[in-house]
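Just below is one structure, and these are the notes that go with it.
The values are calculated or read from the model by the stated rules, or taken from the named source; none is laboratory data. None of the values given here were measured: they were computed from a predicted structure. Heads up: the accessible areas ignore ligands, DNA and RNA and are worked out on the full protein's heavy atoms, side chains in. Shrake-Rupley method; radii C 1.70, N 1.55, O 1.52, S 1.80 Å.
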Amino acid sequence: MSQQTRAHYLAAHYAHLQGLRIAPLGIPFLGAAARGLGWLDGVPGIRGAGGAFWGVGLFLAALVLSFPIAAYYRHTFGTVRPSRPRFGVPALLLVAALYLVAGFVGDRVTWRVSLPALLIGAALARLGLQQHALRGHYLAIGLAWCLFACSGLYVEYAWPTVTIAFNVLVGASLITAGLGDHLVLVHALRRSPSESHASGV
Amino acid sequence: MRREFEDICGVDRLVHEPARLAILTALSACRSADFLFLQSLTGLTKGNLSSHLIKLEEAGLVAIEKGFEGKVPQTHVHLTGRGSDAITSHWQRLEQVRQSARRWRGHVGHGDDHRRESDPTTFDIRGARRAPAHAPKR
């Protein structure tokens, strides 16, 4: 990727590449999977309804953590005011509609393939292929979702097992995506070592 | 780069300089960016980046806004309309040059000797003929 192409991409996707803001969101999902496997039975209040409170608490903690993390990016790499999205809302609506259709079809046809998971996997893999695979970690995440979709887990196993596998997939995806995007940003943006970080012309 | 080729390209040196090109390209992808982000992106020193921004501002390609975020001074830079047009036309021109260079590659070194004997033009890009700075010696 040329310097100019990289400059354009980084400026356009700066907010998305602040991966440390979303990585903590994967922890509640991994925690739910660990709870389903019985690994957290020693944690007080984890059983029964208490598990839900733990999950919500971890999720809220991750959201709160995103604010100081955002401040870290602002003070370390600066601020970009993004362009107003031209195609964002229609694209999101299209993806949501496709997901609903895939779920509708999947509920009525006994297939071993999970269409919604396959759709998500394809979308993530496509993201990983853009810009000369700059965010190649999304390709790996997308393939993991496609494998999950084609594994037939939800046909052959009981629902608790499928839930555990799904939570592991989502949690690992969020953490991998977050850490991967952060590393892309850190490697791409250079800090002049002899200068302070104060802004000014 | 040869003078004739620069003339044909019509490249704007103000825009074409790599650091300024990176700055303008980045600003074309967002509403504005602050000084720290541009410094992180280009790897320039503060003084060097300031110098480039001042040149771009004097040419009317960018606008610089200074303010405060709490007690911390902030400097935001955004493209002007003229700057947006300049960077867009610059990339279009480079694409045209790339297309021309592809066609030019077919002319150079492929039986053009007969052309050189009667025509002082040292090279010929389709649609543009220039007099050579120095006539070829025979």
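Largest first, please: the extent of the C-alpha atoms of chain A along each principal axis, to the nearest Å.
Per principal axis, max minus min of the Cα coordinates gives 62, 41, 25 Å.
Mind grabbing the accessible area of residue A:6 for me, 1.4 Å probe, Å², rounded to tens?
Residue A:6 has an accessible surface of roughly 60 Å² with all protein chains in place.
Quick one: which residues, 5+ away or cross-chain, put their amide H under 5 Å from the amide H of residue B:31? H built at 1.01 Å from N.
A:81, A:83
Shape of region A:93-151 from its Cα gyration tensor (a ≥ b ≥ c, root eigenvalues): rounded if a/c is under 1.5, otherwise prolate when a/b > b/c, or oblate?
oblate
Provide the per-residue ³J(HN,Hα) series for region A:28-34, in order, calculated from phi with Karplus coefficients 6.51, -1.76, 1.60 and θ = phi - 60°, each as a whole number of Hz, with x at glycine and proline positions.
Working through the residues one at a time gives x, 5, 5, x, 5, 5, 5 Hz.
From the backbone phi of region A:44-54, what are the Karplus-calculated ³J(HN,Hα) couplings (6.51 cos²θ - 1.76 cosθ + 1.60, θ = phi - 60°) in whole Hz, Gly and Pro given as x?
x, x, 7, 7, x, 5, x, x, 5, 5, 4
How big is D, in µm² s⁻¹, for region A:130-172 by Stokes-Einstein at 37 °C and 0.692 mPa s if Rh is the Kirkwood radius over C-alpha pairs?
286 µm²/s
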